[in-house]
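Below is one structure, written out as structure tokens; comments come after it.
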Amino acid sequence: MGWRQIVGIALCALLNALDGFDVLSISFASPGIAAEWHVERKVLGYVLSMEIFGMAAGSILLGRLTDRLGRIPTMVICLVIMAIGMIAAPLAWDVTSLAVIRLFTGLGIGGMLAATNAVASEYANTRWRSAGVALMAAGYPLGAVVGGTIASKMLVTGNWRDVFYLGAGLALILLPLVPMLMPEPINALLHRRPANTLEKVNKSLRAFGHAPVDTLPPVDTAPKARVADLFGPELRAVSLLLLVSYFAHILTFYFVLKWVPKIVVDMGFPASAAGGVLVWANVGGLIGAILFSLSALRLPLRPTLMVMMVASTVLVAVFGQSPADLTRLSMAAAAVSFCTNSVIVGFYALIAQSFPTPLRGTGTGFVIGVGRLGAATGPIVAGYLFEAKLGLPVVALAMSGGSLVAAAALLVMPHRENAGH
């Protein structure tokens with residue numbers, strides 16, 4: 001592991017941290033948006049979900065671009081999209097224009113998630129590959145914590161537009177560093193085989209501190225995996241139940257992350273204090289991700305996931321009963337995210353274990369990509385429930401059911417955890 005590989009993985013973590021902040025920037029800004037434009041809760045739910053729809057499209061469209069154009073050029077494109085989106089958001093004149101801007105921003109966020117995951121894996125050597133990907137993944141909640149803390153302080157003296165300017169500034173700082181410090185991964189070049197592949201491979205090898213080569217390995221002629229293969233007789237039940245489980249749980253997960261600031265403001269607290277509660281939620285999520293990753297080395301994965309899903313169900317319902325006290329709200333939000341984010345981390349491992357090696361990438365992309373529609377659905381459904389005057393306790397109880405459905409789907413899913421061996 002040379003210094004350029006280490007720096008590259010660290011930059012992947014920073015780019016993922018920017019993703020984490022950009023996704024939740026609308027949550028920090030939502031109380032100010034609702035107050036300034038007198039937005040109904042059901043309409044606000046759509047605004048809160050727009051970039052998640054964009055993320056799903058970006059993961060598919062720009063994710064494919066990483067294979068055709070290259071990892072690093074795609075990262076630059078995604079950063080430009082994110083910077084434009086974050087600069088444009090404060091200039092929105094109504095809810096519709098803001099929703100369109102957030103949809104556009106989500107394209108860059110989704111594409112960046114796909115690119116950083118690939119680059120972190122390809123930059124690391126065999127020994128450090130798992131650690132490199134884990135570091136990259138930890139950037140997401142870390143960005144929400146650090147960026148959210150800064151945003152909460154900005155909201156004390158500023159307004160909701162400042163949150164987006166912060167995100168734009170961070171994107172512009174990172175933009176020149178990516179092409180300057182990150183060579184194209186060699187595996188990606190060998191897979192894509194662009195013009196002058198040997199010259200480009202040697203350029204990356206020299207950048208990483210390795211000797212150049214005279215010839216390239218032969219082209220891999222193995223047939224490409226197809227999405228249809230996931231629904232053959234052996235994998236149909238596994239694919240569908242994994243999709244149902246991920247969709248249902250992430251619906252609950254994003255209800256908490258997207259609605260916490262507005263819930264706290266509606267209790268009578270300022271937007272800056274509401275942002276602080278969301279920061280604590282992400283602190284809990286970060287701790288949960290780390291501890292779950294460590295526990296997975298000793299505990300069976302699927303039963304542990306199901307226990308955390310049931311705990312998530314209970315804690316989301318309990319959060320709905322929280323009194324108007326910032327300390328108790330913060331601790332409740334942290335406890336909820338500890339469980340919900342632990343499950344998200346565990347899902348990546350479970351999905352990888354549940355598909356055979358030739359279909360692992362296709363299966364992971366399908367389950368995560370389609371499952372993200374649950375992330376977009378959660379805030380919208382909650383918005384309609386709030387608009388129906390059901391109250392926080394009832395809405396939280398209803399939204400907690402997603403994690404319970406997820407646990408039930410895993411309970412009946414056929415065992416294929418040894419599929420990759």
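The values are calculated or read from the model by the stated rules, or taken from the named source; none is laboratory data. Every value quoted in this text rests on a predicted model; they were computed, and no experiment measured them. So basically every Cβ, Gly included, is an ideal-geometry build from the backbone, and we count neighbours across all protein chains shown. Only protein heavy atoms, including side chains, enter the accessible area calculation; ligands, DNA and RNA are left aside. Shrake-Rupley method; radii C 1.70, N 1.55, O 1.52, S 1.80 Å.
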Are any of the residues in segment 187-205 closer than 30 Å to Ile52 by Cβ and open to solvent by less than 40 Å² (accessible area, probe 1.4 Å)? yes
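Table: residues versus (1) acidic (Asp, Glu); (2) under 21 Å from Leu113 (Cα atoms); (3) modelled with pLDDT of 75 or more; (4) surrounded by 23 or more Cβ atoms within 10 Å (Cβ to Cβ).
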residue: Ala324; (1), (2), (3), (4): no, no, yes, no
residue: Val336; (1), (2), (3), (4): no, no, yes, yes
residue: Ala349; (1), (2), (3), (4): no, yes, no, no
residue: Thr357; (1), (2), (3), (4): no, no, no, no
Matching residues in segment 166-185 (closer than 19 Å to Thr126 by Cα and either touching an Asp or Glu at 6+ places or on another chain (Cβ under 6 Å) or open to solvent by 40 Å² or more (accessible area, probe 1.4 Å) (or both)) number 1
Residue pairs qualifying under the 6 Å Cβ cut-off, at least six apart or on distinct chains, with the first in segment 397-416 being open to solvent by 20 Å² or more (accessible area, probe 1.4 Å) and assigned to a helix (DSSP H, G or I) and the second being of a type in the set (Ser, Thr, Tyr) and modelled with pLDDT of 95 or more, are Leu404/Thr313
Cys78 vs (1) free of Cβ contacts under 8 Å to residues at least 40 places away in the same chain; (2) under 21 Å from the mean Cα position of the chain (by Cα); (3) more than 26 Å from Phe253 (Cα to Cα): all pass except (3)
When restricted to Gly85, Gly143, Gly108, Gly158, the only residue at pLDDT below 90 and buried (at least 23 other Cβ atoms within 10 Å of the Cβ) is Gly143
Cβ pairs under 9 Å, 6+ apart or interchain, first in segment 280-305 and outside any helix (DSSP H, G or I), second not small (Gly, Ala, Ser), ordered by first then second residue, are Ala296/Thr304; Ala296/Val345; Pro300/Glu417
Does segment 27-39 contain any residue that is open to solvent by less than 10 Å² (accessible area, probe 1.4 Å), within 15 Å of the chain's Cα centre (by Cα) and not aromatic (Phe, Trp, Tyr)? yes
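Results for (1) in contact (Cβ under 8 Å) with a residue 60 or more places away in the chain; (2) touching a Cys at 6+ places or on another chain (Cβ under 7 Å); (3) among the hydroxyl-bearing types (Ser, Thr, Tyr), shown as yes or no for each residue.
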residue	(1), (2), (3)
Met55	yes, no, no
Gly58	no, no, no
Ala83	yes, no, no
Ser97	no, no, yes
Leu107	no, no, no
Leu113	yes, no, no
Here the residues within segment 189-220 that are over 16 Å from Thr66 (Cβ atoms) and part of a helix (DSSP H, G or I) are Thr197, Leu198, Glu199, Val201, Asn202, Lys203, Leu205, Arg206, Ala207
* Asked: In this structure, is Val256 part of a helix (DSSP H, G or I) and closer than 22 Å to Phe21 by Cα?
  -> yes
Conditions (1) open to solvent by 10 Å² or more (accessible area, probe 1.4 Å); (2) under 28 Å from Gly209 (Cβ atoms); (3) at pLDDT 85 or above -> Arg4 fails only (3)
With criteria (1) among the β-branched types (Val, Ile, Thr); (2) touching a Gly at 6+ places or on another chain (Cβ under 6 Å); (3) outside any helix (DSSP H, G or I), Thr126 comes up short on (2)
Qualifying residue in segment 283-295 (condition: over 19 Å from the mean Cα position of the chain (by Cα) and either at pLDDT below 90 or under 24 Å from Lys42 (Cα atoms) (or both)): yes
Output yes when any residue across segment 112-135 is touching a helix residue (DSSP H, G or I) at 6+ places or on another chain (Cβ under 6 Å), among the charged types (D, E, K, R), open to solvent by less than 50 Å² (accessible area, probe 1.4 Å) and under 16 Å from Asn16 (Cβ atoms), and no when none is. yes
Considering residues that are of a type in the set (S, T, N, Q) and more than 16 Å from Gly143 (Cβ to Cβ), the number found within segment 276-300 is 2
Of the candidates Thr96, Thr66, the one satisfying the condition of being among the polar types (S, T, N, Q), in a helix (DSSP H, G or I) and open to solvent by 60 Å² or more (accessible area, probe 1.4 Å) is Thr96
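Rundown of residues vs (1) touching a helix residue (DSSP H, G or I) at 6+ places or on another chain (Cβ under 6 Å); (2) of a type outside the set (A, V, I, L, M), yes/no style:
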residue	(1), (2)
Phe292	yes, yes
Ser295	no, yes
Leu301	yes, no
Met309	yes, no
Val314	no, no
Ala317	yes, no
Cys339	yes, yes
Ser342	yes, yes
Gly346	yes, yes
Here the residues within segment 287-310 that are under 17 Å from Leu257 (Cβ atoms) and surrounded by fewer than 22 Cβ atoms within 10 Å (Cβ to Cβ) are Ile287
